[in-house]
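Worksheet for the structure shown next.
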Amino acid sequence: MSGERSALLEVRDLYAGYGNLEVLRGVSLHVGAGELVAVLGPNGAGKSTLLRAISRFDATVNAGAVTFAGRDLASAKPEALIGLGLAHVPEGRRLFTEMSVDDNLRLGAYTNRDATLEVRVAESYARFPALAERKTASAYSLSGGEQQMLALARALMGRPKLLLLDEPSTGLAPQVVATIFAIVAELRATGTAILLVEQNAYLTLKHADRAYVLESGRIALEGSAADLARDPRVQAIYLGGATDE
Amino acid sequence: MSRRLHDDARLLPAVAAAVLLFGLLAHGNATLLQAGTYAAIYAVAAIGLSILLGNVAQISIGQAGFFGIGAYTLGYLATAVTWPQAIPPWLQFVLSTALGTALAALLGLVLGFIALRFRGHYLAMATLAFGLIVTGVFHESKALGGAGGIGDVPFAQLGPLAISGVAAFWYAWAMVALVALLSTNLLNGRTGRAFEAVRNDELAAEVLGVATRRTKIAAFAYAGALAGFAGTFYVSYLGLVDPSAVGISLSIDLLLMAVLGGAGGVSGAIVGATIIGISNIYGHNLENWRPVIYGVLVIAVVIFFPRGLVGLVRVPARKATGTPTPGGERQARDVARISARAERTTAATTVPRLVVENATKRFGGLVAVDDVSFALDNGTLTALIGPNGAGKTTLFNAICGVGRVDAGRIAVGGADVTSWQPHRIAALGVGRSFQNARLFADMTVLENVVLGAYVTENATFVDDLLRLRRSRTSGREAVERARATLADLRLEHLSDVAARDLAFGDRRRVELARALASAPGLLLVDEPAAGLNASERARLRDDLRRLRERGVTLLLIEHDMRLVMDISDRVMVLRFGKKIADGPPALVRNDPEVISAYLGTTEASA
C-alpha cells in the first residue's frame, strides 16, 4: 500500500471510541513523509476521534494498530509523542488562555528545552508575524484566527514530523480561513507531513495530496484529492444521496 | 423505589430492634440512657441532613443553626412567656414544639433560596456563614440570655408523664420512628423522585418537568424543620441551651453523623447519630482531641467507605420485579395488553403547536441563532440540520427553556413561553432528548422512565409526607406508564439494569422512552442516531415513524443524512445561526446554498 516510500504513519484496522461508544469501526490509512492527507466526512463520522485515537488524546483504542516512524504507539505515553515527532492540534485549540502568547509558545517546547529553544521561538514569530506583535498578550484576548495560529505555532515548537490538525478553519472568517490554509500549504512545502481533518471538503481537497472520506466510523472513499474533488459520491455522503433501499 | 431506599427500608427493622434491645439493657443505667436519648435527638436532625446530602446532593454546614432556633424557641416560650391558664402544660409543649419546628422550616426556606445561587464549596461556605450568624444572634441577644443562654427550662409534661429519664429515652426514640416514617414516605413519593433527579442531573430533571429550584428549597426547609424539631426536644430534655451548644461543632458533628452512617435515606443517619451520640458522652475526657479525631474520621469515611457504615452492610439483592420471563401464552397476552395500553399512554395527550418568531440568541459577539422563524404542523416530523456550530442545539435549548432567546418569541399551543422555566414548558407536553443522553446514571432504567412520567404526577409534598392516597396512586400510575412505555419500545428486559451499565445504543433508546413516558405532544430529539450502528439506526427510524403516526410532532436534529432524508416531512437548514433552507427533503438536498454549507466551496470565501 505504501509503495516504495515507507509510511510515516500507518493505521491498521483501528477500532476506537469513548467508553461504551465505539466510533471507529475498522479504519486503515497511512500518511507518507511530507504528505498532506485529508480526512473528510460528515459530522459524527469519527474524524476527530481518529486523531484523538492516534495521539491517545482521550479516545480509547479497542483494536487495531497505529505505527509511527516504524514504532508501535500502543505502548507510547501521550506526553512522549511530541518527542517522537508527532504533534496534535485538537479541535477548540486548547490554549492556556490565562498565559501570554510567549509562554504558550515556550510550553510547546516543554519537553525539549535545549540550546535551539530561542532559535525555534524566533522562527515561530517569523512564520507568524501576527503573534510577534502580541507576544505579551494573554491567549484569551486573541482573535479566533490568532488563537488558531498560536495553537499551530505551539505544536510546531516541537518540530514535529507529522502534525495532526483538527478542523483549523472552524468558526473563522473566510479571509482567516485562507490564511490558515496558506500556512498549511507552506508547512507541507517545507516537509512537514499533515493529517488534516476538515469540514470544508472542497477547499481541503484543493490543497491535499490524498484524502479519505469517513462515514459512520468506516472509510467510505479514498483516493487522490483531485479524483475525489470530482467524485459525486462525496456529496452523497455529506447530504444523503439516493437512499439505498 | 431506588436501590438505596430499598436497602434503607430493609435495614430499618434491624435498627429498630437494636434500639429496643439497647433500651431494655440500659434501663438501670442513667448514663447509658442519657447517651441513648441524645443519640435519638441528634438522629432526628441527622436524618434531615442525610436526605439533603445523600438524596439531593446539597451540603449544609449550618444545621446547628436550625437546631438552635428550635431549642431557643421552646426555651423562650417555656421561661419568658406567661401562658394563659386555659392552655395546659402539655399543649404548651406541643404548640412550642410546632412553632420551633415551623420557624426552623421557614429559615430553611430562606437558606434554600440562598443556596440556589451557590454550588460546591461556595454552598458549604454560605451555609457555614448562616450557622455562624444564627449563633452570633443568640450570643448578642439580651432577651435570649446572651452567652449564658436560656436555663431552667422545665421538663416537658405530657399528661402525668414528665419527659425525663427512661420516659425521655422512649419518647425520643418514638420521635425518631415518626421522623423515619415520614421521611421514608417522602423519599418514596413524587418528592423523593424529584430529589433523586436533582441529585443526578439538574438540567435533565428540569426538562422532565421537575421544578428543581422549588425542590431544592423544599429539601432545605425539610432538613431545617427536622433540625429545629430535634432542638425543641433537646432543650426540654436538658433544661438549658446556650450559643456554644448550637455552634459550629454541632454542625460538624451532624455532618459526621450523616456521612459516617451513610448519607441518603434514614438508617445511616440513625446509625451515625448513635455512634457519635454515645461516644460524645463517653469521650468527655477527649474534649480537646475531639475535633482532630472527628476530622480524621470524616476523611477516612469519605475515602474508604463513601457510602458510610450502612453501605458496608450487604442487603440481599431484591428479586427482579416485573421482568417477564419468556414463554407461555399468558405472557403473550400480557405483552399484547401492555402494548395496547402503551399506544394509549404514549399517544399525544395534548398537541401543542410550536411557533418560533424571529428568535435570536447571542453569546458575546457570536450570533448563535439569528432571526429564525418557523411553525411546526402537528403530527409532522421536521429535521433541523446544519454544519457544526450552526446553532441547532442553541435553538433547541431556547424552545425548551434551557437558554432564553435575546430577541424573538416562542409559543407552544398558543402560550407565549419565551421566558418560562423549562419545567413549565415540559408540563405543556414538550419532551426533549439530549445529544449525550443525560440519563440518571445511578438509577435503574425503570426509575429513569418513571421520572419521565413525572409531569403526569400530581402528588404534593404533604401528600407524600403522609402517604395520602394521591401520593400512592400517582406513583403507581407513573410506574405503570413507565412499564408500558418500556414495553412499547421493547425495552422491558432492561427495566432493572442501572443506567450506567447500559450499552450506548440502549442508553439512547432508554432516553427516548423517558422522554415519551410523559406522553409529549411535541418531542425534540437531539442527534438520536449518533453512535448507533446500522441495525440500531433502523430501529430508531421505525420508532420515530411510529411516534409520528400516533400524532406526536417531532423536531429532530440529526447528522445522519440518510435517516433525515428518509423520514422527514420537512427539512430546515441552519448555517451560522440563519435559516438558509426550509422545505421537503428532495428540494433541500439539491439546494446549492445547502451544498456549499456542507461541503464548502473551492474558494475560501464561503
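Report the FRET efficiency, 1/(1 + (r/R0)^6), for B:TRP83 and B:VAL355, where r is their Cβ-Cβ distance and R0 is 56 Å, rounded to 0.05. Let's see the in-between values first.
Details: r = 62 Å, r/R0 = 1.11.
It comes out at approximately 0.35.
Show me the ranking of peptides B:356-368, A:162-174 by mean Cβ neighbours inside 10 Å, starting with the highest.
Ranked by mean Cβ neighbours within 10 Å, highest first: A:162-174, B:356-368.
What is the order of B:PHE461, B:PHE93, fewest Cβ neighbours within 10 Å to most?
Working: B:PHE461 18, B:PHE93 22.
By the 10 Å Cβ count, ascending, the order reads B:PHE461, B:PHE93.
Per-residue counts of other Cβ atoms within 10 Å, averaged by peptide: what ranking do you get for A:134-141, A:86-93, highest first?
A:86-93, A:134-141
Let me know the mean shielding of A:161-170 by other chains, meaning the per-residue number of their Cβ atoms within 10 Å of its Cβ.
Working: counts 0, 0, 0, 0, 0, 0, 2, 0, 3, 3.
That works out to 1 on average.
What is the projected area of the convex hull of the Cα atoms of the protein assembly as shown, averaged over all directions, in nm²?
Spelled out: convex hull of the Cα atoms, projected over all directions, averaged, 43.5 nm².
Pull out a ≥ b ≥ c, the square roots of the eigenvalues of the alpha-carbon gyration tensor of segment B:500-572, then state rounded if a/c is under 1.5, prolate if not and a/b is larger than b/c, and oblate in the remaining case.
oblate
Output wanted: per-residue J couplings in Hz (rounded whole) for segment A:71-78, from phi through Karplus 6.51 cos²θ - 1.76 cosθ + 1.60, θ = phi - 60°, x for Gly and Pro.
Result, rounded to whole Hz: 10, 6, 7, 4, 9, 7, 7, x.
Output wanted: per-residue J couplings in Hz (rounded whole) for segment B:69-83, from phi through Karplus 6.51 cos²θ - 1.76 cosθ + 1.60, θ = phi - 60°, x for Gly and Pro.
4, x, 5, 5, 4, 5, x, 5, 5, 7, 10, 9, 10, 8, 7
Provide Rg and Dmax in Å for chain B, with only Cα atoms included in the calculation.
Values for chain B (Cα only, Rg and Dmax): 28.3, 95 Å.
List, largest first, the extents of the alpha carbons of segment A:99-159 along their principal axes, each in whole Å.
31, 20, 17
Where a Cα-Cα gap under 27 Å defines reach, which lysines qualify for B:LYS578, not counting those fewer than 8 residues away within the same chain?
Within the straight-line limit of under 27 Å, B:LYS578 reaches these lysines: A:LYS47, B:LYS361, B:LYS392.
With runs of 4+ DSSP H residues as the only contributors, calculate the mean residue ellipticity of chain A at 222 nm using -39,500 (n - 2.57) per run, divided by the residue total and rounded to the nearest 500.
-9500 deg cm²/dmol
For chain B, take the longest principal axis of its alpha carbons; what is the angle in degrees between that and the long axis of helix B:248-261, to the nearest 10 within 0 to 90?
With rounding to tens, the tilt is 60 degrees.
Under the rule of at least 5 residues apart or a separate chain, name every residue whose amide H is placed under 5 Å from the amide H of A:ALA220.
A:VAL213, A:LEU214, A:GLU215
Identify, among B:VAL246, B:GLY452, B:PHE22, the residue whose Cα sits farthest towards the positive end of the charge dipole of chain B, taking +1 on the Cβ of Lys and Arg and -1 on the Cβ of Asp and Glu, with the dipole about the Cα centre.
Comparing the listed Cα positions along the dipole, B:GLY452 ranks first.
Would you mind working out the magnitude of the charge dipole of chain B relative to its Cα centre, with +1 at each Lys and Arg C-beta and -1 at each Asp and Glu C-beta, to the nearest 20 Debye? Working shown, then result.
Numbers: 57 positive and 47 negative charges, 185 e Å.
Magnitude of the dipole: close to 900 debye.
Taking the Cα centre as origin and putting +1 on Lys and Arg beta-carbons and -1 on Asp and Glu beta-carbons, what dipole magnitude results for the protein assembly as shown, to the nearest 20 debye?
The dipole of the protein assembly as shown has a size of about 1240 debye.
Dipole size in debye (nearest 20) for chain A around its Cα centre, Lys and Arg Cβ +1, Asp and Glu Cβ -1?
So the dipole magnitude of chain A works out to roughly 420 debye.
Please compute, for peptide A:199-207, the average count of beta-carbon atoms on other protein chains lying within 10 Å of each residue's beta-carbon.
5
Calculate how steeply helix B:267-282 sits against the longest principal axis of the alpha-carbon atoms of chain B, using the helix alpha-carbon long axis, and give the answer as 0 to 90 degrees to the nearest 10.
Helix B:267-282 sits at roughly 30 degrees to that axis.
If the cut-off is 14 Å between C-alpha atoms, which aspartates and glutamates fall inside it for B:LYS579, apart from same-chain ones fewer than 8 positions away?
Straight-distance partners of B:LYS579: B:GLU357, B:ASP370, B:ASP371, B:ASP591, B:GLU593.
Take the alpha-carbon centre of segment B:358-374, take the same for segment A:21-82, and report the distance between them in whole Å.
Using only Cα atoms to place each centre, the spacing works out to 36 Å.
Projected onto the charge dipole of the protein assembly as shown (+1 at Lys/Arg Cβ, -1 at Asp/Glu Cβ, origin at the Cα centre), which of B:PHE66, B:ALA174, B:LEU109 gives the Cα projection farthest towards the positive end?
B:ALA174
Would you please give the FRET efficiency between A:TYR110 and B:HIS493, computed as 1/(1 + (r/R0)^6) with r the Cβ-Cβ distance and R0 = 56 Å, to the nearest 0.05?
0.60
Leaving out same-chain residues fewer than 8 places away, which aspartates and glutamates sit with a Cα under 14 Å from that of B:LYS142?
The qualifying aspartates and glutamates are B:ASP242.
Classify segment A:1-82 as rounded, prolate or oblate from the Cα gyration tensor: take a ≥ b ≥ c as the square roots of its eigenvalues, call it rounded if a/c is under 1.5, otherwise prolate when a/b beats b/c and oblate if not.
oblate
Taking the 0 to 90 degree range and rounding to the nearest ten, how far is the long axis of helix A:144-156 tilted relative to the main principal axis of chain A, both from C-alpha atoms?
With both axes taken from Cα atoms, the answer is about 90 degrees.
For a quick check: sort B:THR73, B:THR382 by the number of other beta carbons within 10 angstrom, fewest at the front.
B:THR382, B:THR73
Across peptide B:593-599, how many C-beta atoms of other chains are within 10 Å of each residue C-beta, on average?
The mean count of partner-chain Cβ atoms within 10 Å per residue comes to 5.
Taking only the C-alpha atoms, wrap a convex hull around segment B:110-229 and report its volume per residue in Å³ as a whole number.
150
Convex hull over the alpha-carbon atoms of segment B:3-311: what's its volume per residue in Å³?
Output value, Cα hull per residue: 133 Å³.
Just going by the charge dipole of segment A:99-159, with Lys and Arg at +1 and Asp and Glu at -1 on Cβ, which of A:LEU117, A:SER141, A:VAL101 is farthest out on the positive end?
In segment A:99-159, that residue is A:LEU117.
What are the radius of gyration and Dmax of segment B:344-501, computed over its Cα atoms and given in Å?
Rg, Dmax (Cα atoms, Å): 18.1, 54.
FYI, it's all coordinate maths here, none of it is from the lab. Fair warning: this is a prediction, and the values are worked out from it, not measured in the lab. As a convention, Cβ positions derive from the backbone with ideal geometry for all residues, glycine included, and neighbour counts pool all protein chains shown.
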